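Enquirer: I have a structure here, written as C-alpha cells, and I will follow up with some questions on it.
Please treat every number below as a calculation from the coordinates, not as lab data. Since we're looking at a predicted model, the values are computed, not measured. No Cβ is skipped: glycine too gets one built from the backbone with ideal geometry, and neighbour counts run over all protein chains shown.
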Amino acid sequence: MSGFLVLAVTGALFYGQRASFIAGAGNRRIPPAWERRLDHARPAVLGALLVSVMAPGDGALPDSPALVVAAVAFLAAGRFGLLGTVVAGMVTVVALAGVS
C-alpha cells in the first residue's frame, strides 16, 4: 500500500507543478530564441533514451543492429524531418532484418 501512496503523492506533485506553470505562464509568449532551442529538446531526449537503452552497461559499445538504425535515423533527422526520420529508420530495420 505504501508504494501506491508514493505513486499518488508523486503524481499529484508533478501534476501540480505542470498546472502551476500553465496557470502562471499560459498567456505569455516564449521568446523566439527559446523556441528555437526547444526545437532541439525532443530529439536530444529521444537520443539520450535510446542510447541508455542500447548501452550494455559495462561501458562497451553495443553490438546490436539498433546502433546502425539509430545512426541512420540521426542522420535523417537533420535532413528530412520527422516523417523522413521514421521512414529511414524503418527502411533500415527492414533491410537489416533481411540481412540477418
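Enquirer: Per the Kirkwood formula on distinct C-alpha pairs, the Rh of the chain is how many angstrom?
Expert: Mean inverse Cα-Cα distance, inverted, gives 17.2 Å.
Enquirer: A follow-up question, please. What are the extents of the Cα atoms of region 1-40 along their three principal axes, in Å, largest first?
Expert: Answer, in whole Å and largest first: 46, 23, 7 Å.
Enquirer: Right, something else. Along the positive direction of the dipole of the chain (beta-carbon charges: Lys, Arg +1; Asp, Glu -1; about the Cα centre), which of Ala19, Ala44, Pro31 reaches farthest?
Expert: Pro31
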